[in-house]
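A.B. asks: Can you keep this structure in mind? I'll have questions shortly.
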Amino acid sequence: MPSPLQSPCAEIDAQLIDRVLEITINRPARKNALTQAMYSAMAELLNEAASNPQVRAVILTGAGGAFTSGNDLADFLGGSASSEESPVFQFMMALYQFPKPVIAAVSGVAVGIGTTLLLHCDLAIAEDEAVFQMPFVNLGLCPEYASSLILPRIMGQSKAAELLLLGNKFDAQTAASVNICNEVVFSGEALGRARAYAAELAKKAPEAVRLSKKLLRQGTYEAGLAAIREEARYFQERLQSEEFREAATAFMEKRPADFSRFE
């Protein structure tokens, strides 16, 4: 068994410095695309950190100039990625239920869950060249991680529909304007800013910080849980669909997906 706060996966790095746990997605050759093993490692780290008094705050970031390009489609073609027993669902719940502050430092691409996980961080700092995208419909899938609930609430129905139904890329300035991230900084500065915020939070009264986070979410917590579970059920069905198989095959064959035969 790995020692506490030690990552069990080579592509997820973890270090605890001055009561701040940094979790780094470290698969730069694939723009930090996430496999089920990587999700499992992050869930384990978060669950351990939740009850570890040495941890006052967590930073999530990516190595090599990318946050994450989302799910590794080849790894997820097996079709069990969003069942409630799956590593991705366990990660979602670990982050959603995490009682301490979480800060995201975003550079490069933040695709799919790379964008939707930011909805569950307390602070998110994006570099000015970061690119966001929620291409679920483009892949024959549906929104996940309570994004269908949270996005209309924080940015309005019409903008949420634009981002989720069209699934197009958008820049860091747009992400900040619709409340997906808190602020935009120059290239190379996101992690430093996140560390500064984490250090500030780590010096505050820990129980007061945890209680404040809990109270901030008390009005929407149960609705968020229900949305995560409902979306996961539909997402799991979509992973078995011919539309997703066409989209994933087209992606791997580097061609546009052809949905013309579907009704």
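A.B. asks: Can you name the number of the only condition in (1) under 13 Å from Ala227 (Cα atoms); (2) of a type in the set (Ser, Thr, Tyr); (3) within 14 Å of the chain's Cα centre (by Cα) that Ser148 fails?
C.D. replies: (3)
A.B. asks: A further question on this structure: Filter the range 231-263 down to residues that are open to solvent by 100 Å² or more (accessible area, probe 1.4 Å), assigned to a helix (DSSP H, G or I) and polar (S, T, N, Q), then give me how many there are.
C.D. replies: Residues that pass the stated criteria total 0.
A.B. asks: Of all residues in the range 23-46, count the ones that are among the basic types (Lys, Arg) and assigned to a loop (DSSP other than H, G, I, E, B).
C.D. replies: Here is the first cut: in the range 23-46, the residues among the basic types (Lys, Arg) are 27, 30-31.
Now restrict to residues that are assigned to a loop (DSSP other than H, G, I, E, B): 27, 31.
Result for the range 23-46: 2.
A.B. asks: Taking the conditions exactly as written (over 25 Å from Lys203 (Cα atoms) and either assigned to a strand (DSSP E or B) or open to solvent by 10 Å² or more (accessible area, probe 1.4 Å) (or both)), does Leu149 satisfy them or not? Don't jump to the end; show me each part of the working.
C.D. replies: On the way: over 25 Å from Lys203 (Cα atoms): yes; either assigned to a strand (DSSP E or B) or open to solvent by 10 Å² or more (accessible area, probe 1.4 Å) (or both): yes.
Yes, satisfied.
A.B. asks: Working only within the range 47-99, note down all residues that are in contact with a Phe, Trp or Tyr (Cβ under 8 Å, 6 or more places away or on another chain), part of a loop (DSSP other than H, G, I, E, B) and open to solvent by 20 Å² or more (accessible area, probe 1.4 Å).
C.D. replies: Residue satisfying the conditions is Ser83 alone.
A.B. asks: Looking only at the range 113-135, count how many residues are part of a loop (DSSP other than H, G, I, E, B) and buried (at least 24 other Cβ atoms within 10 Å of the Cβ).
C.D. replies: Our first condition is that a residue be part of a loop (DSSP other than H, G, I, E, B); within the range 113-135, this holds for 121-122, 128-130, 134-135.
Then drop every residue that is not buried (at least 24 other Cβ atoms within 10 Å of the Cβ), which leaves 130, 134.
Residues that pass the stated criteria total 2.
A.B. asks: Let me ask something additional. Just a yes or no: is a residue in the range 165-179 within 30 Å of Arg56 (Cβ to Cβ), assigned to a loop (DSSP other than H, G, I, E, B) and either touching a residue at least 24 places away in the same chain (Cβ under 8 Å) or out of contact with any helix residue (DSSP H, G or I) (no Cβ under 9 Å at 6 or more places or on another chain) (or both)?
C.D. replies: First, the residues of the range 165-179 that are within 30 Å of Arg56 (Cβ to Cβ): 172, 175-176, 178-179.
From what's left, assigned to a loop (DSSP other than H, G, I, E, B): 178-179.
From what's left, either touching a residue at least 24 places away in the same chain (Cβ under 8 Å) or out of contact with any helix residue (DSSP H, G or I) (no Cβ under 9 Å at 6 or more places or on another chain) (or both): 178-179.
So far as the range 165-179 goes, yes, one or more of its residues are within 30 Å of Arg56 (Cβ to Cβ), assigned to a loop (DSSP other than H, G, I, E, B) and either touching a residue at least 24 places away in the same chain (Cβ under 8 Å) or out of contact with any helix residue (DSSP H, G or I) (no Cβ under 9 Å at 6 or more places or on another chain) (or both).
The values are calculated or read from the model by the stated rules, or taken from the named source; none is laboratory data. The model shown is predicted, which means the values in this text are computed figures rather than measured ones. As a convention, Cβ positions derive from the backbone with ideal geometry for all residues, glycine included, and neighbour counts pool all protein chains shown. Heads up: the accessible areas ignore ligands, DNA and RNA and are worked out on the full protein's heavy atoms, side chains in. Shrake-Rupley method; radii C 1.70, N 1.55, O 1.52, S 1.80 Å.
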